[in-house]
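Novice: Attaching a single structure in structure tokens format; questions to follow.
The values are calculated or read from the model by the stated rules, or taken from the named source; none is laboratory data. Bear in mind the structure is a predicted one, so any value in this text is a computation, not a measurement. Reconstructed Cβ throughout: ideal geometry from the backbone, glycine too, with neighbour counts over all protein chains shown. These area figures cover heavy atoms from the full protein model, side chains too; ligands, DNA and RNA do not enter into them. Shrake-Rupley method; radii C 1.70, N 1.55, O 1.52, S 1.80 Å.
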Amino acid sequence: MAYYKKKGIHKLEKHHLPYPDKSVMEAKNFYQQNNIRDIRKIRCFQYTEDQAKFYIESFFKHLEICYKDFVEYLFPTFKNELSFFNSLPHEYFFYMKDSDVSKWGSFGYRSSKDGQTKFNFKGDITIEHAFKEDGISILRGFSLDKLLRSDYHNDIKTIDKINTPKVDEFCVIRNWVYKLLKDDMRGIFKEHKEYI
């Protein structure tokens, strides 16, 4: 995000999200042997289970830092009204089908009880269990591919006045920041009778 350079914030510039840890040949063989046509499966296959978990944890840690900096710099007067911002840092719960992080599932989060970002990976459970036992107030659909490629589209381009749809799709943290901010600001807009 451009404002980081203007403000001299360089926390994440030297850090990258973890790369896939399976070779191109492994992915190619998987593609050919299984006659896979779904690029999402191929993207996810490139990560072993441990690397996928590492990616997920890194993603949400980066997301929290970016979201916090973005809100503090651009929306300082509204920050106390933003629920995601006010509950930072979070403890995340991932409820995955067959306990496989590369498959579909759901995730939720709550404010961390000890001030540390934490992660829990569990098998598929009932919604009641997530709400009562884990203290989650909302569950969202989840897949590893949603963190590798964004299906969220907004009107703000990665490069101003240049149409770069493929680049926009892979600016995953930026798009998640906008998505969370938009969700967080719904209450503010309703209060002022504006809709987004």
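Novice: Can you tell me how many residues within segment 141-157 are touching a Lys or Arg at 6+ places or on another chain (Cβ under 9 Å) and at pLDDT below 80?
Specialist: The qualifying residues number 3.
Novice: Taking the stated definitions as given, is D124 open to solvent by 20 Å² or more (accessible area, probe 1.4 Å), under 28 Å from F45 (Cβ atoms) and of a type in the set (D, E)?
Specialist: Taking the combined requirement at face value, the residue satisfies it.
Novice: Spot the failing condition for I9; the list is (1) farther than 16 Å from V101 by Cβ; (2) at pLDDT 90 or above, and only one is missed.
Specialist: For I9, the exception is condition (2).
Novice: Then there is this: Return only the number of the condition from (1) under 14 Å from the mean Cα position of the chain (by Cα); (2) of a type outside the set (D, E); (3) farther than 18 Å from L148 by Cα that A52 does not satisfy.
Specialist: (3)
Novice: Related question: Among the residues of segment 94-115, how many are under 30 Å from T48 (Cβ atoms) and in contact with a Leu (Cβ under 9 Å, 6 or more places away or on another chain)?
Specialist: Step one: filter segment 94-115 for residues under 30 Å from T48 (Cβ atoms), giving 94-110, 112, 114.
With the extra rule that they be in contact with a Leu (Cβ under 9 Å, 6 or more places away or on another chain), the set shrinks to 95, 101-103, 106-108, 112.
Number of matching residues: 8.
Novice: I'm told M96 meets every condition in (1) out of contact with any Gly (no Cβ under 6 Å at 6 or more places or on another chain); (2) among the aliphatic types (A, V, I, L, M); (3) buried (at least 18 other Cβ atoms within 10 Å of the Cβ) except one. Can you identify the failing condition by its number?
Specialist: Going through (1) out of contact with any Gly (no Cβ under 6 Å at 6 or more places or on another chain); (2) among the aliphatic types (A, V, I, L, M); (3) buried (at least 18 other Cβ atoms within 10 Å of the Cβ) one by one, M96 breaks only (1).
Novice: S137 versus (1) in contact with a strand residue (DSSP E or B) (Cβ under 8 Å, 6 or more places away or on another chain); (2) touching a residue at least 40 places away in the same chain (Cβ under 8 Å): which is the lone unmet condition?
Specialist: (2)
Novice: Moving on. May I ask you to list the residues in segment 158-181 that are of a type in the set (K, R) and either outside any helix (DSSP H, G or I) or open to solvent by 80 Å² or more (accessible area, probe 1.4 Å) (or both)?
Specialist: At the first step, the residues of segment 158-181 found to be of a type in the set (K, R) are 161, 166, 174, 179.
Of everything in segment 158-181, those that are of a type in the set (K, R) and either outside any helix (DSSP H, G or I) or open to solvent by 80 Å² or more (accessible area, probe 1.4 Å) (or both) turn out to be K161, K166.
Novice: Please verify whether segment 158-171 includes one or more residues that are at pLDDT below 90, of a type in the set (V, I, T) and within 22 Å of Y47 (Cβ to Cβ).
Specialist: Restricting attention to segment 158-171, the residues satisfying the condition of being at pLDDT below 90 are 158-171.
Filter again for of a type in the set (V, I, T), leaving 158-159, 162, 164, 167.
This time we only want the ones that are within 22 Å of Y47 (Cβ to Cβ), so: 167.
Scanning segment 158-171, I find at least one residue that is at pLDDT below 90, of a type in the set (V, I, T) and within 22 Å of Y47 (Cβ to Cβ), so the answer is yes.
Novice: What is the number of the single condition among (1) surrounded by fewer than 20 Cβ atoms within 10 Å (Cβ to Cβ); (2) in contact with a Leu (Cβ under 7 Å, 6 or more places away or on another chain); (3) closer than 30 Å to E191 by Cα that R43 does not meet?
Specialist: (3)
Novice: Another question about this same structure. Considering only segment 17-133, give the helices (runs of 4 or more DSSP H) lying wholly within it that have at least 1 residues that are farther than 25 Å from L180 by Cβ and without any contact (Cβ under 8 Å) to a residue 60 or more places away in the chain.
Specialist: Details: elements: 24-34, 39-45, 49-74, 83-86, 127-132.
Qualifying helices (runs of 4 or more DSSP H): 24-34, 39-45, 49-74, 127-132.
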